[in-house]
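The values are calculated or read from the model by the stated rules, or taken from the named source; none is laboratory data. What you see is a predicted model; the values in this text were computed from it and never measured. When we count neighbours, we look across all protein chains shown, and the Cβ atoms used for this are built from the backbone with ideal geometry, even at glycine.
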């Protein structure tokens, strides 16, 4: 299951037929999935910190007088930095989606040299 909650299948034949550049693009796709999942975790942790829940932070849980709002603010700042730090992945999102779900992707957004192959 993908971070957005949708199930997606990767076309194994397409992945197997990638040339060297295709493999690199596929690894970018995998990294992008991990980044989205991590962003979702940060959002969850931020919400939990705001509600005074440190369940996922066992070391923090043993302390008293925890500054939950301060930790939530740090998580918020971290999340705000993602667009700047990982802009390369965002610019390749259409290409990643093409490889992840070729039949569901917008062919016109694909790189021109891949458009006919993806129809």
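Of all the numbered requirements in (1) surrounded by 15 or more Cβ atoms within 10 Å (Cβ to Cβ); (2) modelled with pLDDT of 90 or more; (3) in contact with a helix residue (DSSP H, G or I) (Cβ under 7 Å, 6 or more places away or on another chain); (4) part of a helix (DSSP H, G or I), residue 66 misses one, and that requirement is (4).
To keep it simple, each residue is scored yes or no on (1) exposed (fewer than 14 other Cβ atoms within 10 Å of the Cβ); (2) in contact with a strand residue (DSSP E or B) (Cβ under 8 Å, 6 or more places away or on another chain); (3) at negative phi; (4) at pLDDT 90 or above.
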{"site": "19", "(1), (2), (3), (4)": "yes, no, yes, no"}
{"site": "33", "(1), (2), (3), (4)": "no, no, yes, no"}
{"site": "54", "(1), (2), (3), (4)": "no, no, yes, yes"}
{"site": "73", "(1), (2), (3), (4)": "no, no, yes, yes"}
{"site": "82", "(1), (2), (3), (4)": "no, no, yes, no"}
{"site": "85", "(1), (2), (3), (4)": "yes, no, yes, no"}
{"site": "101", "(1), (2), (3), (4)": "no, no, yes, no"}
{"site": "109", "(1), (2), (3), (4)": "yes, no, yes, no"}
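The set of residues in the range 98-119 that are free of Cβ contacts under 8 Å to residues at least 12 places away in the same chain and assigned to a helix (DSSP H, G or I) comprises 108, 112, 113, 115. Selection of the range 60-87 for residues being farther than 16 Å from residue 47 by Cα and in contact (Cβ under 8 Å) with a residue 40 or more places away in the chain yields 82, 86. Looking at this structure, is residue 37 surrounded by 15 or more Cβ atoms within 10 Å (Cβ to Cβ), at pLDDT 75 or above and not in a loop (DSSP other than H, G, I, E, B)? No, not satisfied.
Among the criteria (1) modelled with pLDDT of 60 or more; (2) surrounded by 13 or more Cβ atoms within 10 Å (Cβ to Cβ), the one residue 14 does not fulfil is (1).
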